[in-house]
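All remarks here apply to the structure that follows.
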Amino acid sequence: MFADSTYSDRFFLPRSTRRSTLPLLGSSKVNTVANRTPGLRFQLWVDAVGGFLVCLGEEITIGQPAPGVDVPILADLSRRHARIRRSGEGYVLQPLQSVQIDAREVTEPTLLASGDLIELGGSVRLRFVRPHPLSSTARLDFVSHHRTQPPVDAVLLMSDTCVLGPKPTAHCVCRDWPHEVFLFRQADELHCRSNDDFEIDGHTVRRRGQVTYDSQVTGRDFSMKLEQV
């Protein structure tokens, strides 16, 4: 299915994978959280489906809306409550304040498994999901009523590729689409690929083309808008 050579996601950790704790990061790295700049992010609005916050950085910080926070959640959280880092072993959650995974409090960096329920501050609940067996892109689904600012339906931790389509293994499930559409990274560029010709910002492209973080992408059976945060 992924014949395009730009698709390079390589691994998937099934739900049955045993979780392990990892060595604590050095204190100097922890202390730089307050001064960090959020990684590149954009909002993805998919017609008749919903909105997604797409984070492209290797590491994200979750907390209250404040400078330096990648995933700002309107809730009773610390300004920097937790970090999630993509590594060669998968995704590692580092608690900076009170965090539970599957009702068990964690105090050290912990490897996440698909399906884990993350609870922040006793009220915010997020489900960590790795939906596609060939992709290291992950999704954070809101289980509690809390939302980001501005509000979106889910957060995508995008590695090399984001799959949109009707199958349950898609990162963005679009049940009424007849086929899958791919957003993928190539060097410092973002591209879109579909089985059919489509338009990017009003210009017709043949099956694939480069998009910006403010592009409108429209096909025969789909439409989506990117907005850089």
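The values are calculated or read from the model by the stated rules, or taken from the named source; none is laboratory data. In this text the structure is predicted, and so the values were computed from the model without any measurement. Note: ideal-geometry Cβ built from the backbone for every residue, glycine included; neighbour counts use all protein chains shown.
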Checklist entry - Which of (1) at pLDDT 95 or above; (2) under 14 Å from the mean Cα position of the chain (by Cα) does Gly90 not meet, given it meets every other one? => result (1)
Checklist entry - Counting only residues that are within 20 Å of Asp70 (Cβ to Cβ) and charged (D, E, K, R), which one in the range 148-189 is modelled with the lowest pLDDT? => result Asp188
Item to check | Filter result for the condition that a residue is closer than 19 Å to Arg185 by Cβ, of a type in the set (A, V, I, L, M) and outside the structural domain of Lys225 (by TED's automatic domain parsing), over Leu96, Leu134 | outcome: Leu134
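Okay, residues lined up against (1) part of a strand (DSSP E or B); (2) touching a helix residue (DSSP H, G or I) at 6+ places or on another chain (Cβ under 8 Å); (3) in contact (Cβ under 8 Å) with a residue 24 or more places away in the chain; (4) small (Gly, Ala, Ser):
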site: Ala113; (1), (2), (3), (4): no, no, yes, yes
site: Ile118; (1), (2), (3), (4): yes, no, yes, no
site: Pro131; (1), (2), (3), (4): no, no, yes, no
site: Leu140; (1), (2), (3), (4): yes, no, yes, no
site: Val163; (1), (2), (3), (4): yes, no, yes, no
site: Pro178; (1), (2), (3), (4): no, no, yes, no
Checklist entry - For the range 49-68, what are the residues that are touching a Phe, Trp or Tyr at 6+ places or on another chain (Cβ under 7 Å) and either assigned to a loop (DSSP other than H, G, I, E, B) or among the aliphatic types (A, V, I, L, M) (or both)? => result Val54
Next on the checklist: If I go through the range 69-111 residue by residue, how many of them are part of a loop (DSSP other than H, G, I, E, B) and among the small types (Gly, Ala, Ser)?
Outcome noted: 5
Checklist outcome for this item: Being modelled with pLDDT of 95 or more, over 21 Å from the mean Cα position of the chain (by Cα) and within 22 Å of Ser135 (Cα to Cα) narrows Arg208, Arg193 down to just Arg208
Next on the checklist: If I filter the range 76-122 down to residues being hydroxyl-bearing (Ser, Thr, Tyr) and farther than 16 Å from Asp141 by Cβ, which single residue comes out as surrounded by the most Cβ atoms within 10 Å (Cβ to Cβ)?
Outcome noted: Thr110
Item to check | Positions within the range 142-154 being within 12 Å of Gly50 (Cβ to Cβ) and in contact (Cβ under 8 Å) with a residue 60 or more places away in the chain, in sequence order | outcome: Arg147, Pro151, Val152, Asp153, Ala154
